[in-house]
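The values are calculated or read from the model by the stated rules, or taken from the named source; none is laboratory data. No experiment lies behind these values; they were computed from the predicted model shown. FYI the Cβ positions are ideal-geometry reconstructions off the backbone, even for glycines, and counts take in every protein chain you see. Areas reflect the complete protein model, heavy atoms only, side chains present, ligands, DNA and RNA absent. Shrake-Rupley method; radii C 1.70, N 1.55, O 1.52, S 1.80 Å.
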Amino acid sequence: MTFRNILVATSVLALAMGLPAVAEVRIGVLIPDSGPGGLFGPSSRNAAQLAAEDINAAGGINGEPVALVFADVGAPPAQAVQSAVRLWRGEGVQGFVGMHDSAVRAALTGQFRGQVLYVYSGVYEGGECAPGTWLTAETPAQQLAPVIPYLAEAEGVSQWYLIGNDYNWPRDTNDAARAIIAASGGTIVGEEYVPLGTADYDASLQRIRASGADAVLVTLVGGDSVGFNIGFGAFGLDEQAIRLGTLIEENTLAGIGAAGASRLFASMGYFAAIETEAATAFAARYHDSFGADAAALNGMGQSVYDGLMLLAALGNAAGSMEVTAIAAVADGTGFSSPRGEAMLDGNHVAQTIYLADGTGGSYSVIASFDSVPHGVICE
């Protein structure tokens, strides 16, 4: 019988005997089960389950076990906010972990207004300073500042084309990329944004070819990235330019396939191919728990594990799930992760960043950059 089943059975027995039900800390897990980011949903759920097991094995939060309550936030921001509010106000959720797009995050911080603990774990554009919000997410300062100069030297590239979906994460990431590209001796030869759900990239690919770009920074999400990169390979553009993605994890790479992945690089804080002791042990446990047919282990899904571990560490450090109590002790709070040991600096964490080559349809890590600062300063 699982810990959760024991908890439910004990609560039922207590109610039958007229005793109070066993207390639990209800945590909302906000992930995309639909939309362009829907391919991250299954692995996110799996990673959340493993985190809950570890938190409860260590005594829960302030001695009470955690219970996860999931909501699909792959919908437009207004609808995603409604789902979160239902969990918060209607189902007694005391804190949230979110792995979803930045438009949803911005809408949620506006709704929460620092009244409930919110940990954001997905790759994002940087700059988040909303009260009550803490982040394990990689920022452009981490994903791009060490990697673009590395690729400029290793691959001899300097002419960058930027393509992304039309919302705040791609646009703000590319704003950060401009200075990094310039500092590495490069120039931007083209930039465009397409709506989420775009299926036809022929015109974009023709523009990339005509630009003379020898490097493309890709900030497309999920299925959009799959379609673009398949087309990129079919056009033979991999002979002209490398690609660098900051959201092309293992599920996306599998969708792209080997034919579309030549000279495709990705920069993230986690890949399943990392060979550290912590990462290897986590990968083995993931596959033992969910089987060979489970959703591929990847950085976006795994980040939910980190988000939950940070949330638990914050609650335990404060002795409370109240945002004001947590804010007083948050800075310097640490937690263990398959990525290694992590510690809050401000409301973010420093990251080890890995650069992986997807040529052939699977990732091999070719470089790592230790303790890269997040670059976010909150007044």
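A few remarks follow.
- Within segment 70-85, being over 23 Å from GLY197 (Cα atoms) and open to solvent by 20 Å² or more (accessible area, probe 1.4 Å) holds for PHE70, VAL85.
- ASN298, sole failed condition from (1) at pLDDT below 95; (2) under 19 Å from ASN251 (Cβ atoms): (1)
- A count restricted to segment 1-31 and to residues that are open to solvent by 10 Å² or more (accessible area, probe 1.4 Å) and modelled with pLDDT of 50 or more stands at 5.
- Of the criteria (1) of a type in the set (Lys, Arg); (2) closer than 24 Å to TYR270 by Cα; (3) open to solvent by 30 Å² or more (accessible area, probe 1.4 Å), which one ARG178 fails: (2)
- Restricted to segment 187-205, and to residues there that are over 25 Å from the mean Cα position of the chain (by Cα) and over 16 Å from ILE230 (Cβ atoms), the residue that is least open to solvent (accessible area, probe 1.4 Å) is GLY190.
- Residues within segment 147-157 that are among the aliphatic types (A, V, I, L, M) and part of a loop (DSSP other than H, G, I, E, B), tallied: 1
- Of the strands (runs of 3 or more DSSP E) entirely within segment 237-355, none holds at least 2 residues that are free of Cβ contacts under 8 Å to residues at least 24 places away in the same chain, among the acidic types (Asp, Glu) and surrounded by fewer than 24 Cβ atoms within 10 Å (Cβ to Cβ).
- VAL221 under 26 Å from the mean Cα position of the chain (by Cα) and closer than 30 Å to SER336 by Cβ: yes
- Boolean, SER362 is open to solvent by 60 Å² or more (accessible area, probe 1.4 Å) and part of a loop (DSSP other than H, G, I, E, B): yes
- Any pair with Cβ under 6 angstrom, 6 or more apart, that starts in segment 81-95 at a residue that is on the phi > 0 side of the Ramachandran plot and ends at one that is open to solvent by 40 Å² or more (accessible area, probe 1.4 Å): GLY92/ARG26
- Total residues in segment 86-102 satisfying the condition of being within 17 Å of the chain's Cα centre (by Cα) and open to solvent by 40 Å² or more (accessible area, probe 1.4 Å): the figure is 1.
Residue-by-condition table, conditions (1) over 19 Å from MET309 (Cβ atoms); (2) in a helix (DSSP H, G or I):
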position	(1), (2)
PHE70	no, no
ALA75	yes, no
VAL81	yes, yes
ALA84	yes, yes
LEU87	yes, yes
GLN115	yes, no
GLY127	yes, no
TRP134	no, no
ALA145	yes, no
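- Against the list (1) among the charged types (D, E, K, R); (2) farther than 23 Å from GLU64 by Cα; (3) modelled with pLDDT of 95 or more, the condition GLU322 fails is (2).
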